[in-house]
Amino acid sequence: MQHGDVSTKPANAVDNATDAARNARAEAREAATSKWFTPFARFGYAAKGIVYLIMGLIALAAAFGGGKTPTDQKGVFQTIAEQPFGKFLLFVVTIGLVGYALWCLCQGILDVDYKGTSAKGIVTRVGYVGVGLTYLVLAFGAFALATGRGSAGKSSDATTRDFTAQLLAKPLGVVLVVVLGLGALAIAAVLFYRAWKADFESLIQAKELGPEGKKLLVTLGRIGYASLGVVFTEISFFLVIAALHHNPGQAQGLGGVLQAMNQQPFGRLLLAIVALGLIAYGIFSVASARYRRVGRS
């Protein structure tokens, strides 16, 4: 009898641990969709949108020969910091980016958007986690610049080239960089898919926006995702070229890709189109702060 009692203890311990983990997860999801957190997440969408809106405007000015140089998010932070009350504005943007990053982590880890555990759902949630971590890094750079404790950090170009150089120095480095390029191409494919399917449409609250307003917002989202798809396709292309030439200097990040567009035949036209897409994505993100379903609202 004693032997039977002892043998059931490990099973009971596992059950208790499972129940505790399930309860903790439910409480965490409850907190992530609560009335105190969702405004923070909404503010994050607005902050991200402002960054992309400024990025698109800078790129558009460059396309029309306005003396501007296309840049990435960290370049946008520098632009904001140089404006009157710029460091205060940048601090506000930093808070928003933290909110967006945490919301993405909640989407990935806690599955607050109910993507599930299918293969597609897992891939989507892993993507959310990746985006969340990326925006935490961006927020840290913006905070350092806003508080005068340093720069916004390396540009996307410098980061991409450094990482490419590290991979090329390893055995099978060329293969690793090609795989990285194919990964960027896969991201582009996802972005084009979202532009085509508009799978975000179900998250837009049509009652408050109205049918015509919702249609316009969906169109802006489609244009924005397609524009980002073009950017990531270009990033993939430059990574593969860098691998084949064994030259990390040929790898480009977001800012470098936009600059490269401007230097090609008909590049200004392409840059203008992509810039308008980035502006559309910025407006879409700002509007999402108000009209996207976040949590239980």
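Please list, ordered by first then second residue, the pairs with beta carbon atoms under 6 Å, 6 or more apart or interchain, first in the range 216-232 and within 15 Å of residue 271 (Cβ to Cβ), second β-branched (Val, Ile, Thr) and assigned to a helix (DSSP H, G or I). Every condition considered, the pairs that remain are 227/274; 230/274; 231/257.
Within the range 248-273, residues that are in a loop (DSSP other than H, G, I, E, B) reach partners that are charged (D, E, K, R) and at pLDDT below 95 with beta carbons closer than 7 Å, at six or more positions or on different chains, in the pairs 251/161; 252/157; 253/72; 253/157. Within the range 34-56, the set of residues being assigned to a loop (DSSP other than H, G, I, E, B) and buried (at least 21 other Cβ atoms within 10 Å of the Cβ) is empty. Count of the range 200-234 residues, restricted to those that are part of a helix (DSSP H, G or I) and on the phi > 0 side of the Ramachandran plot, is 0.
The rows are residues; the columns are (1) surrounded by fewer than 16 Cβ atoms within 10 Å (Cβ to Cβ); (2) not small (Gly, Ala, Ser).
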site	(1), (2)
75	no, no
81	no, no
96	no, no
100	no, yes
106	no, yes
112	no, yes
117	yes, yes
122	yes, yes
126	yes, yes
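Please verify whether the range 221-231 includes one or more residues that are aliphatic (A, V, I, L, M) and over 17 Å from the mean Cα position of the chain (by Cα). So far as the range 221-231 goes, no, none of its residues is aliphatic (A, V, I, L, M) and over 17 Å from the mean Cα position of the chain (by Cα). Considering (1) buried (at least 20 other Cβ atoms within 10 Å of the Cβ); (2) touching a Cys at 6+ places or on another chain (Cβ under 8 Å), the lone condition that residue 131 does not fulfil carries the number (1). Looking only at residues in the range 57-71 that are in a loop (DSSP other than H, G, I, E, B) and among the β-branched types (Val, Ile, Thr), the one that is surrounded by the most Cβ atoms within 10 Å (Cβ to Cβ) is 71.
Within the range 72-87, the residues that satisfy the criterion of being touching a residue at least 12 places away in the same chain (Cβ under 8 Å) and either in a helix (DSSP H, G or I) or over 19 Å from residue 136 (Cβ atoms) (or both) are 73, 74, 75, 76, 77, 78, 79, 80, 81, 87.
To keep it simple, each residue is scored yes or no on (1) touching a strand residue (DSSP E or B) at 6+ places or on another chain (Cβ under 9 Å); (2) of a type outside the set (A, V, I, L, M); (3) at pLDDT 90 or above.
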| residue | (1), (2), (3) |
| --- | --- |
| 93 | no, no, yes |
| 135 | no, yes, yes |
| 149 | no, yes, no |
| 155 | no, yes, no |
| 166 | no, yes, yes |
| 181 | no, yes, yes |
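Of the helices (runs of 4 or more DSSP H) lying entirely inside the range 105-199, the ones with 2 or more residues being farther than 28 Å from residue 240 by Cα and in contact (Cβ under 8 Å) with a residue 12 or more places away in the chain are found at 119-146. Of all the residues in the range 258-278, those that are touching a Ser or Thr at 6+ places or on another chain (Cβ under 9 Å) and modelled with pLDDT of 90 or more number 8.
The values are calculated or read from the model by the stated rules, or taken from the named source; none is laboratory data. Bear in mind the structure is a predicted one, so any value in this text is a computation, not a measurement. Neighbour counts are summed over all protein chains in view; Cβ atoms, including those assigned to glycine, are modelled from backbone coordinates with ideal geometry.
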